[in-house]
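Student: I have a structure I would like to understand better, so I am pasting it below and will then ask my questions one at a time.
The values are calculated or read from the model by the stated rules, or taken from the named source; none is laboratory data. Computed from a predicted structure; not experimentally measured. A quick note on method: Cβ atoms are made from the backbone with ideal geometry, for glycine too, and the neighbour counts reach across all protein chains shown.
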């Protein structure tokens, strides 16, 4: 799945999760903010790096559930703030004109779906640097 489609999907899930709390935010604005939050700083989405952050933050089992074909394990707002950083999530929220709690609620739904969809069909494999990169990531996931 290409980056624009993935960001659009994440934005739609974010918007749906918030319902009326999203205040009619356009999908494009949410997608741009997601890229800022989950990107590598150069305008590219870095979900492989995000999975590594979850792994090093002690949340490997969550990341593993999103990468697999089964059901996605839920993530709490506190866990998201731990991995992404409260400052980064606060900036994301401010960019959208939301409070941090509301933005976190939307991210709880969007982040797992984005990683899940990116891992379908090998997209995340390529982003992780092929098989070698994924093996290194798996080693970190399982503490080897």
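Student: Would you point out which residue out of 58, 101, 43 is modelled with pLDDT of 95 or more and either surrounded by fewer than 18 Cβ atoms within 10 Å (Cβ to Cβ) or out of contact with any helix residue (DSSP H, G or I) (no Cβ under 9 Å at 6 or more places or on another chain) (or both)?
Tutor: 101 is the lone residue from the list that is modelled with pLDDT of 95 or more and either surrounded by fewer than 18 Cβ atoms within 10 Å (Cβ to Cβ) or out of contact with any helix residue (DSSP H, G or I) (no Cβ under 9 Å at 6 or more places or on another chain) (or both).
Student: Just to check your reading of the model, which residue among 78, 73, 63, 88 is farther than 23 Å from residue 27 by Cα, in contact (Cβ under 8 Å) with a residue 12 or more places away in the chain and surrounded by fewer than 17 Cβ atoms within 10 Å (Cβ to Cβ)?
Tutor: None of the other options fit; the residue is 73.
Student: Does any residue of segment 41-56 turn out to be without any contact (Cβ under 8 Å) to a residue 40 or more places away in the chain and under 14 Å from residue 10 (Cβ atoms)?
Tutor: Checking segment 41-56: not a single residue is without any contact (Cβ under 8 Å) to a residue 40 or more places away in the chain and under 14 Å from residue 10 (Cβ atoms).
Student: Hey, another quick one. What do you reckon, is residue 6 farther than 15 Å from residue 83 by Cα, part of a helix (DSSP H, G or I), touching a residue at least 40 places away in the same chain (Cβ under 8 Å) and in contact with a strand residue (DSSP E or B) (Cβ under 8 Å, 6 or more places away or on another chain)?
Tutor: yes
Student: What number of residues within segment 16-40 satisfy the criterion of being buried (at least 17 other Cβ atoms within 10 Å of the Cβ) and either at positive phi or part of a loop (DSSP other than H, G, I, E, B) (or both)?
Tutor: Result for segment 16-40: 1.
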